[in-house]
């Protein structure tokens, strides 16, 4: 649930002192990359004030001198505004368009947004080009913001990203950038708000925007889950999966989130599909998730369902001790003595000094009414001088086994005390296929009844996920 991705004070300044604060924004928007005028027809373009605005704007775009450029674009803005306010051109799409374009290049974002909306309403045929104008401005601002982010200057980045969101709130890019900056500033609650905004920004249907929305939805799921807000986690992972149906991580995390949210039936429907493929496959469940499902089924007394899940783990990890133990117990509760015996014997090969594993074998023989083996197993149980339980801790390139030994009072068939002796063992560290990666040795001391001792054996090597030991 931790797939990694790749303010406010600044916003207050923007409101309190617009001319001073808009410099960083206007400096990046003044070099407009768009065309001086759109190819579509703008009604009202012939009015002298509007025509003058268009001329000033074109000259401003083409002028290389920054100061002169800014002055010409201001004149374009003022001409267009005069046309609207005093020249009888309040219904002119052209006047609103040039007022919006000039305001945008000057960093006057609220005016630009409302003017471009008005122009789009008055000239629907120009809607696509107006959206392109917004897109170009957003690209300018986000490009500069990313430079700040790379330098870990997130406050400056967020000023530009907020501006980009104001230019076009319907694209996910700026919201996604803000979420990433909040993440970097270790403010997960704020990051989640902006990931949600990015996820819900659906105006841009291009592949890049879709990828951003998918990544945002996934991160929203992660933040929701980590905050124990499971409905939000479900919402995020559901959307991530809808946008990318082959995202196995999103599918697996959605199952976990649904169960955490108390939506077991919905989780089961997805699980049943994922159980059709191998554990750990792109469309399947991880062994850890399968284990959770198996335990949940066992606790719900669905022992057949639990056994099916645990054996699925063993298909890819045949030496997974917990899966072997849980499979054995599931078959015991199903009163399937043959299967109980089969898996208990496999368990015993991993941990030959486990009293519990031997007990499970004996119980299976008892259920089968196999009298000779019942007696043989009973004799082995009473003669066992030590019980060993294993604690296993895997790492990236190493693993540790702790042999927790406890002495037992043992007796032979004639009820005579069996004296404990030291038992040397070899611990084998295994990969998922059961191949021995490395080995270590330990000697279990002769322990009196109820005396205990822990022995640690470490192994180094890549891919260690399981273990077994044997008498030396």
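So the values come out like this:
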quantity: Search result, residues across the range 370-392 that are surrounded by 14 or more Cβ atoms within 10 Å (Cβ to Cβ) and within 22 Å of residue 455 (Cα to Cα); calculated: 384, 385, 386, 387, 388, 389, 390, 392
quantity: Filtered residues of the range 424-440 (kept if over 15 Å from residue 395 (Cβ atoms), surrounded by 12 or more Cβ atoms within 10 Å (Cβ to Cβ) and touching a strand residue (DSSP E or B) at 6+ places or on another chain (Cβ under 6 Å)); calculated: 425, 426, 427, 428, 436, 439
quantity: Qualifying position, being under 19 Å from residue 323 (Cα atoms), out of contact with any helix residue (DSSP H, G or I) (no Cβ under 8 Å at 6 or more places or on another chain), assigned to a strand (DSSP E or B) and outside the structural domain of residue 321 (by TED's automatic domain parsing), among 437, 401; calculated: 401
quantity: Filter pass, residue 243 being touching a helix residue (DSSP H, G or I) at 6+ places or on another chain (Cβ under 6 Å) and farther than 20 Å from residue 296 by Cβ; calculated: yes
quantity: Any hit, the range 324-344, residues being closer than 27 Å to residue 449 by Cα and assigned to a helix (DSSP H, G or I); calculated: yes
quantity: Verdict on residue 357 being closer than 21 Å to residue 412 by Cα, touching a strand residue (DSSP E or B) at 6+ places or on another chain (Cβ under 9 Å) and modelled with pLDDT of 95 or more; calculated: no
quantity: Unique residue being within 30 Å of residue 142 (Cβ to Cβ) and not assigned by TED's automatic domain parsing to the domain that holds residue 172 when the list is 229, 247, 265; calculated: 247
quantity: Residues within the range 168-207 that are part of a loop (DSSP other than H, G, I, E, B), more than 19 Å from residue 113 (Cβ to Cβ) and touching a helix residue (DSSP H, G or I) at 6+ places or on another chain (Cβ under 8 Å), tallied; calculated: 1
quantity: Residue ID - modelled with the lowest pLDDT, chosen from residues in the range 283-301 that are farther than 18 Å from residue 248 by Cα and crowded, with 16+ Cβ neighbours inside 10 Å; calculated: 296
quantity: Residue match in the range 87-98 (condition: surrounded by fewer than 24 Cβ atoms within 10 Å (Cβ to Cβ), outside any helix (DSSP H, G or I) and either outside the structural domain of residue 211 (by TED's automatic domain parsing) or out of contact with any helix residue (DSSP H, G or I) (no Cβ under 9 Å at 6 or more places or on another chain) (or both)); calculated: yes
quantity: The range 22-48 - residue that is at pLDDT below 75 and touching a helix residue (DSSP H, G or I) at 6+ places or on another chain (Cβ under 8 Å) and, of those, surrounded by the most Cβ atoms within 10 Å (Cβ to Cβ); calculated: 32
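The values are calculated or read from the model by the stated rules, or taken from the named source; none is laboratory data. All values derive from a computational prediction rather than experimental measurement. A quick note on method: Cβ atoms are made from the backbone with ideal geometry, for glycine too, and the neighbour counts reach across all protein chains shown.
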